[in-house]
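Below is one structure, written out as structure tokens; the observations come after it.
The values are calculated or read from the model by the stated rules, or taken from the named source; none is laboratory data. A quick note: this is a predicted structure, and the numbers were derived from the prediction, not measured. Positions of Cβ are generated from backbone atoms using ideal geometry, with glycine treated the same way; all protein chains shown enter the neighbour counts. Just so you know, the surface numbers come from the protein's heavy atoms only, side chains and all, with ligands and any DNA or RNA stripped out. Shrake-Rupley method; radii C 1.70, N 1.55, O 1.52, S 1.80 Å.
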Amino acid sequence: MAYTKAIQDGVDVLDCPVQMTKDGIPICLGSINLIQSTDIVRTGFSNLTETVPEIMQGSGIFTYNLSWSDIKSLKPVISSPQSQYKLFRNPKFQNAGKYLKLSEFLSMANTTSSLNGVLISIENAAYLAKQGFGVTDAVLKALNEAGYDKQTTQKVMIQSSSSSVLMKFKGKTNYQLVYKIDEDIGGAQSSTIDDIKRFASAVVISKDSVFPENSAFLAGATDVVSRLQAANLSVLVQTFSNEFTSQAWDFFSDATVEINSFYSGTGINGVITDFPKTSDRYRRNRCLKRGNKTPTYMIPVQPGGLLQLVTTDYLPPAEAPKPYLTESDVVEPPLPPVAKTTSIS
């Protein structure tokens, strides 16, 4: 249902975060932890809770412990990233929809002429390989069977925060490789950027890596976007949402003002968003093509400007600067071979 609505709302690229089931089927699900997106804690599978430090802090019930038929029997739970503020998305349909296999996702996308492409996100590949699940091989097989290895109409983007995953794809395909930096950064060493260029042509960074926040005020701006683009790396920023609590006060609780400040203010190459209709509406705004006649309300906000108006007594405490991305953050050993497992009936 979300994919269908996104297509209607003008999305360019649909994404599938790939998870593996117990019977080795790649599926599209936002998290490997089923507690975050299903009603599994209220089912008979609740006793499958375990702690896996290599994946996450705390405990969870993971997709690779259930078969595809088991997962299909669960009720979906709609995502509400701002639920801590009692903002819940579409409660009437919180359990609507169904789950998709990667093959079903690719079939749907392949027949949608308005799409520019698909993005396949792969995480936890090294741990899954040790458990006997070859997620990279499963993705390649699904893409080949859907004909994406031969067609040129839609681009295929492979995204991961693991350089070893992207190195696995490099040289084997013509797919665009996207490196996700999964922490807020204040900059990157030149040698680190050179390392990224060895295996990726685009980078995903957080909003805080562009405009650092302090207590929901913009504290300034980094040079991360300009430095990455100077190395011919496209820069995508995540995640843009419509809920006002997801935006810094400087953006006046306006999702369009936020997008404009990132795009016009720093020249990012694209946004990753929960609300593609808002972004599509923005890029069709005729004010963007008026040059010197651009109205003042389309001028990007000044990072740190609002914070300067706060009186001393009410200033938030100063925060340490974001860390720089270093070579040790990027360089990884190759993926381990997929462990052989004994099938049990």
Just a yes or no: is a residue in region 117-130 farther than 25 Å from I272 by Cβ and surrounded by 15 or more Cβ atoms within 10 Å (Cβ to Cβ)? yes
Among (1) farther than 28 Å from Q189 by Cα; (2) out of contact with any strand residue (DSSP E or B) (no Cβ under 9 Å at 6 or more places or on another chain) - the single one S215 does not satisfy: (1)
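Within region 218-255, track down each residue that is of a type in the set (S, T, Y), outside any helix (DSSP H, G or I) and either within 20 Å of the chain's Cα centre (by Cα) or at pLDDT below 95 (or both). Let's see the steps before the verdict.
Initially, region 218-255 is screened for residues of a type in the set (S, T, Y), giving 222, 226, 234, 239, 241, 245-246, 253.
The next check asks that each one be outside any helix (DSSP H, G or I); those that pass are 222, 234, 239, 241, 253.
Result: S234, T239, S241, S253.
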If you check I78 against the conditions, is it touching a residue at least 12 places away in the same chain (Cβ under 8 Å), of a type outside the set (G, A, S) and out of contact with any Leu (no Cβ under 7 Å at 6 or more places or on another chain)? yes
Out of Y3, Y85, sole residue that is aromatic (F, W, Y), in contact with a strand residue (DSSP E or B) (Cβ under 9 Å, 6 or more places away or on another chain) and open to solvent by 20 Å² or more (accessible area, probe 1.4 Å): Y3
Residue count for region 1-55, restricted to those that are out of contact with any Phe, Trp or Tyr (no Cβ under 9 Å at 6 or more places or on another chain) and more than 22 Å from K101 (Cβ to Cβ): 11
Reported set for region 143-155 where residues are open to solvent by 10 Å² or more (accessible area, probe 1.4 Å) and of a type in the set (A, V, I, L, M) is A146
I'd like to check something: does region 112-121 contain any residue that is of a type in the set (V, I, T), modelled with pLDDT of 95 or more, out of contact with any His (no Cβ under 9 Å at 6 or more places or on another chain) and closer than 14 Å to Y64 by Cβ? no
Condition first: within 24 Å of Y179 (Cα to Cα) and in contact (Cβ under 8 Å) with a residue 60 or more places away in the chain. Now tell me which residues in region 240-269 satisfy that. S241, S246, N269
Quick check on my filter: what residues within region 15-39 are open to solvent by 20 Å² or more (accessible area, probe 1.4 Å) and either part of a helix (DSSP H, G or I) or free of Cβ contacts under 8 Å to residues at least 12 places away in the same chain (or both)? I35, Q36
For a quick check of your reading of the model, give me the residue pairs whose first member lies in region 130-144 and is in contact (Cβ under 8 Å) with a residue 60 or more places away in the chain and closer than 21 Å to E54 by Cα, whose second is charged (D, E, K, R) and open to solvent by 30 Å² or more (accessible area, probe 1.4 Å), with beta-carbon atoms closer than 6 Å and at least 6 apart or on different chains. T136/K168
Cβ pairs under 9 Å, 6+ apart, first in region 222-237 and over 18 Å from N260 (Cα atoms), second among the aromatic types (F, W, Y) and at pLDDT 95 or above: L233/Y179
Looking at region 40-68 only, could you name the residues that are in contact (Cβ under 8 Å) with a residue 40 or more places away in the chain and open to solvent by 50 Å² or more (accessible area, probe 1.4 Å)? E54
Does region 147-168 include one or more residues that are touching a residue at least 60 places away in the same chain (Cβ under 8 Å), of a type in the set (A, V, I, L, M, F, W, C) and closer than 20 Å to L100 by Cα? yes
When the residues of region 169-197 are filtered to those that are modelled with pLDDT of 95 or more and basic (K, R), which remaining residue is nearest to the chain's Cα centre (by Cα)? K180
